[in-house]
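Student: First the structure, then my questions, so here it is.
The values are calculated or read from the model by the stated rules, or taken from the named source; none is laboratory data. Just so we're clear, the structure is a prediction, and the values are computed from it rather than from any experiment. Positions of Cβ are generated from backbone atoms using ideal geometry, with glycine treated the same way; all protein chains shown enter the neighbour counts. All accessible areas refer to the heavy atoms of the entire protein, side chains included, with ligands and DNA or RNA removed. Shrake-Rupley method; radii C 1.70, N 1.55, O 1.52, S 1.80 Å.
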Amino acid sequence: MKVLEILSLFWKSGAVMELLPSGEIKLSNHEAVPAEIMDAAKTVFPQIEKWFKSWANATPTQLTLWKAYQQYCGWGKNEKILDWLNSDDQAAYLMNDWMIELNKNGWNDIYDDYRPFENEQTKEIANRIFNNAITYTKNKNT
């Protein structure tokens, strides 16, 4: 199993796995994770740890895009992101455009990290998605 496939199964089961500021990985609600998924995670734990640490210096744009992507895949439960994506047609169109561009660059599996397939075009779309999210949040809070 791929790292993101295992992590998605954790998240869908209701468990939370996150990188702490100390560099340690914290697993909450682990009792919700089926034993076979826990076993699979143990076999690739160094890769899971590496993946989490690869996000340590992510920008707000990158983090917003990741959260939206998780929501699209059904892996996350972020009500603010869900509200934004469900309320803002432009956001949904931009997410589709972003994924189409990634696919043109060779990305074709949701369980593969999309970041190696980014280019200037996908980064420009990502910035538009982020700016869209900021505008939506500001308008919602006024």
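Student: Hey, among Asn132, Asn127, which residue is assigned to a helix (DSSP H, G or I), more than 14 Å from the chain's Cα centre (by Cα) and touching a residue at least 60 places away in the same chain (Cβ under 8 Å)? Explain how you work it out, then say what you get.
Tutor: On the way: Asn132 fails: touching a residue at least 60 places away in the same chain (Cβ under 8 Å).
Asn127 is the lone residue from the list that is assigned to a helix (DSSP H, G or I), more than 14 Å from the chain's Cα centre (by Cα) and touching a residue at least 60 places away in the same chain (Cβ under 8 Å).
Student: Another one. In region 106-135, which residue that is over 16 Å from Val3 (Cβ atoms) and among the acidic types (Asp, Glu) is least open to solvent (accessible area, probe 1.4 Å)?
Tutor: This residue is Glu118.
Student: Filter region 6-16 for residues that are open to solvent by 20 Å² or more (accessible area, probe 1.4 Å) and under 15 Å from the mean Cα position of the chain (by Cα); which is nearest to Asn108 (Cα to Cα)? Break it down into steps so the answer makes sense when it comes.
Tutor: Our first condition is that a residue be open to solvent by 20 Å² or more (accessible area, probe 1.4 Å); within region 6-16, this holds for 9, 11-14, 16.
Add one more test, that the residue is under 15 Å from the mean Cα position of the chain (by Cα), and what stays is 9, 11-12, 16.
Values: Leu9: 19, Trp11: 21, Lys12: 21, Val16: 26 Å.
Selected residue: Leu9.
Student: Let me ask you something else. Just one of the numbered conditions (1) touching a residue at least 24 places away in the same chain (Cβ under 8 Å); (2) more than 23 Å from Glu118 (Cβ to Cβ); (3) open to solvent by 70 Å² or more (accessible area, probe 1.4 Å) is not true of Ile25; which one?
Tutor: Here Ile25 clears every test but (3).
Student: Within 19 Å of Met99 (Cβ to Cβ), open to solvent by 50 Å² or more (accessible area, probe 1.4 Å) and either at pLDDT 95 or above or part of a loop (DSSP other than H, G, I, E, B) (or both) - does that describe any residue in region 28-45?
Tutor: No, there is no match, as no residue in region 28-45 is within 19 Å of Met99 (Cβ to Cβ), open to solvent by 50 Å² or more (accessible area, probe 1.4 Å) and either at pLDDT 95 or above or part of a loop (DSSP other than H, G, I, E, B) (or both).
Student: What is the residue count in region 46-58 for residues that are assigned to a loop (DSSP other than H, G, I, E, B) and open to solvent by less than 80 Å² (accessible area, probe 1.4 Å)?
Tutor: Count: 4.
Student: I would also like to ask the following. Considering (1) open to solvent by 50 Å² or more (accessible area, probe 1.4 Å); (2) touching a residue at least 24 places away in the same chain (Cβ under 8 Å); (3) within 18 Å of Ile110 (Cα to Cα), say which one Val3 fails and leave the rest.
Tutor: Only one criterion is unmet by Val3, namely (1).
Student: Name the single residue, out of those in region 59-87 being assigned to a helix (DSSP H, G or I), among the aromatic types (Phe, Trp, Tyr) and closer than 23 Å to Ala15 by Cα, that is most open to solvent (accessible area, probe 1.4 Å).
Tutor: Looking only at region 59-87, we keep the residues that are assigned to a helix (DSSP H, G or I), and these are 60-73, 79-87.
Cutting the leftovers down to among the aromatic types (Phe, Trp, Tyr) gives us 66, 69, 72, 84.
Still in the running and closer than 23 Å to Ala15 by Cα: 66, 69, 72.
Values: Trp66: 23, Tyr69: 1, Tyr72: 87 Å².
So the residue we want is Tyr72.
Student: While we're on this one: Kindly check whether there is at least one residue in region 25-33 that is among the small types (Gly, Ala, Ser) and over 11 Å from Val3 (Cα atoms).
Tutor: Among the residues of region 25-33, at least one is among the small types (Gly, Ala, Ser) and over 11 Å from Val3 (Cα atoms), which makes the answer yes.
Student: Taking only pairs six or more apart or across chains, which ones have beta-carbon atoms under 7 Å, a first residue in region 64-92 that is touching a residue at least 24 places away in the same chain (Cβ under 8 Å) and closer than 19 Å to Lys123 by Cα, and a second residue that is open to solvent by less than 40 Å² (accessible area, probe 1.4 Å) and assigned to a loop (DSSP other than H, G, I, E, B)?
Tutor: Close Cβ pairs satisfying both conditions: Gln70/Gly76.
Student: Mind telling me which of the residues Pro21, Pro60 ends up being out of contact with any strand residue (DSSP E or B) (no Cβ under 6 Å at 6 or more places or on another chain), at pLDDT below 90 and farther than 19 Å from Tyr111 by Cβ?
Tutor: Working: Pro60 fails: at pLDDT below 90.
Just a single option satisfies the conditions, and that option is Pro21.
Student: In region 88-121, what residues are modelled with pLDDT under 95 and not in a helix (DSSP H, G or I)?
Tutor: Asp88
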